[in-house]
1. Give the dimensionless ratio obtained when the Cα radius of gyration of region 10-94 is divided by 2.2 N^0.38 Å.
2. Would you mind getting me the FRET efficiency between Val285 and Asp61? Use the beta-carbon distance for r and R0 = 30 Å, nearest 0.05.
3. Return, ordered by residue number, the residues of region 67-83 whose backbone nitrogen is under 18 Å from a label point located 7 Å along Cα→Cβ of Arg109.
4. Starting from the Cα of Ala367, move 7 Å in the Cα-to-Cβ direction to define the label point; list residues of region 304-331 whose amide nitrogen is under 17 Å from there.
5. Sequence neighbours fewer than 8 away in the same chain don't count; with that in mind, list the lysines whose C-alpha is under 30 Å from Lys126.
6. Report, as a whole number in µm² per second, the diffusion coefficient that Stokes-Einstein gives for region 123-183 at 4 °C and 1.567 mPa s using the Kirkwood radius over alpha carbon pairs.
7. Please list the non-local residues whose amide H lies under 5 Å from the amide H of Leu316, H modeled 1.01 Å from N, same-chain partners needing a gap of 5 or more.
8. Dividing the alpha-carbon radius of gyration of region 203-343 by 2.2 N^0.38 Å (N being the number of residues), what value is obtained?
Amino acid sequence: MNRPILPGSTIGVLGSGQLGRMLAIAARRMGYRVHTLSPEEDTPTGQVADAEITAHYEDLDAIRAFARGVDVVTFEFENVSTDAAHAAAELVPVRPSAAALHVTQQRAREKAFLADRGFPVTAFAKVHTVDELAVALGIVGLPAIIKTAAFGYDGKGQHRIDRVEDAEGMWSLVGHQGAILERLVDFSHELSVVAARGLDGRIAHFGVLENVHRHHILDVTISPARVPSTTAADAVRLTGGILEALDYVGVLCVEFFLARDGRLLVNEVAPRPHNSGHFTFDACVTSQFEQQVRAVCGLPLGSTMQMRPAAMANLLGELWVNGEPNWAAALATPEVKLHLYGKADARPGRKMGHLTALADTPDDALAKVLAARALL
């Protein structure tokens, strides 16, 4: 089971979005074939994969049939059922494991896992009823954030609570389902660390990244982050500890809050390549996507050396409101790179692509990528 899966083999990807697309591009460049499975057709991943299978993740017979046609299975987002991961694992290696997926795909389980192992997190409580929510507000304190425990990303299923009297209304907004209540963090920076752990236990990371969100969706990433070296070292150390605690194989992202009092708090863990690591495609010797291929196939991890400071800016569906964006204007700056995901329907808030800019300093890279996006 731990023999290297060599080029010429087939990688199976559960999920079919832009992360799978960029993973497939990296895999095919290395000589692998790629199959993808998801409920949709003509997907970002399917457009560049060797085979696109349309099936639901709950169709375990379809999952097993998919696994029979590949040599290893990975996933490009965490909302794949653990039953699907277990079904695939009956036939081929699944990396990261179903156990790691089980922890990280559900916020309450993830937060408890981290807290139980001594990782720094904000005050939190699990809630299952509106009465439990009222009690939790007294324990956690205000202001607080209530989040659905499962199937949340890009701010979906999250609501701020400022008054105890708002508990009932907020419980309705999360759909009367299991949730987690977290004390709101007064932070100066949102940071992330994208790292990988190989089959041999070796860990490689891409440094500490500085993120700016707009309407709960990642807007811009700057690398390296403009934070003290001691903060960066602590974030990398904590990320390595989480990889070890999960016995993880593959690429993972840990998102942090840097509180105004200097504390570093783990916000969330994403068991996959991450939006904040997209710049690595252009700025690093090994991208996060090639690193995922290397890790899940049991190959040595690649160098994460960053060749120049970089900044990444997301392109959301709003840019298409008045027609096709002016790509030529944005690309008039030679050090700006364009990545589009092959999505036909440009809806507001939907991630359609991104720009990356390279420069001599992080500040210059940020200014360059924002200027290029403004020209669209």
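Read-outs throughout are calculated quantities, based only on the coordinates presented, and are distinct from any laboratory measurement. Everything numeric in this text was worked out from a predicted model, so none of it was measured. Heads up, the Cβs are rebuilt from the backbone with ideal geometry, glycines too, and the neighbour counts pull from every protein chain shown.
1. Working: Rg = 11.2 Å, N = 85, 2.2 N^0.38 = 11.9 Å.
For region 10-94, the normalised Cα radius of gyration is 0.94.
2. Plugging the Cβ-Cβ distance into 1/(1 + (r/R0)^6) gives 0.10.
3. 74-83
4. Residues 309-312 fall inside that zone.
5. Result set, ordered by chain and number: Lys111, Lys147, Lys156.
6. Working: Rh = 11.0 Å.
Estimated via Stokes-Einstein, D reaches 118 µm²/s.
7. Counting only residues 5 or more places away or on other chains, the set is Met352.
8. 1.13
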